[in-house]
1. Heavy-atom accessible area of residue 32 with all protein chains present, probe 1.4 Å, nearest 10 Å²?
2. Using +1 on the beta carbon of Lys and Arg, -1 on that of Asp and Glu, and nothing else charged, what's the dipole of the chain about the Cα centre, debye to 20?
3. Suppose R0 equals 35 Å; then what is the FRET efficiency for residue 17 and residue 84 from their Cβ-Cβ distance, rounded to the nearest 0.05?
4. For helix 61-70, report the angle its Cα long axis makes with the longest principal axis of the Cα atoms of the chain; keep it between 0 and 90° and round to the nearest 10°.
5. Which residue fluctuates most in the GNM of the chain (Cα springs below 10 Å): 13, 45, 75?
6. Give the angle, between 0 and 90 degrees and rounded to the nearest 10, that separates the Cα long axis of helix 2-11 from the longest principal axis of the Cα atoms of the chain.
7. Arrange the residues 8, 30 by how much accessible surface each exposes, largest first, with a 1.4 angstrom probe.
8. Taking the solvent-accessible surface of protein heavy atoms with a 1.4 Å probe, what is the per residue accessible area of the range 18-90 in Å²?
Amino acid sequence: MLENYRATATELGLDESRMFAVQGNLLAPTITPTRPPLSEEELNGFDLVAICLALHHVEDIALATKRLAERLRPGGVLLIIDWATRDVSNETEEQA
């Protein structure tokens, strides 16, 4: 997925100083290393955090949303776009 994102950004003429992708685990109990590695300072203070068509794949949506929002600077914006739904009927039965 990240390679597709990077290829699209390159095709659009955007270099990494303007737009880049990082893979990490939002649901880990502690901050885990990202790929590529980023410092704690680089993981915080964003003006905008956006997630598109992915949140429905996350096990704990509330926790993931909280962790994304924690990365924002004061006054920053969290943008979530996700029109997909998931079938939670099996999840409810498995948790019982």
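1. About 50 Å², rounded to the nearest 10.
2. 280 debye
3. Efficiency computed from Cβ-Cβ geometry: 0.65.
4. Computed tilt is about 30 degrees.
5. 13
6. With both axes taken from Cα atoms, the answer is about 40 degrees.
7. 30, 8
8. On a per-residue basis, 72 Å².
The values are calculated or read from the model by the stated rules, or taken from the named source; none is laboratory data. The model shown is predicted, which means the values in this text are computed figures rather than measured ones. Counting neighbours? That spans all protein chains shown, and the Cβs are built from the backbone with ideal geometry, glycine included. Heavy atoms of the whole protein, side chains included, go into the accessibility calculation; ligands, DNA and RNA do not. Shrake-Rupley method; radii C 1.70, N 1.55, O 1.52, S 1.80 Å.
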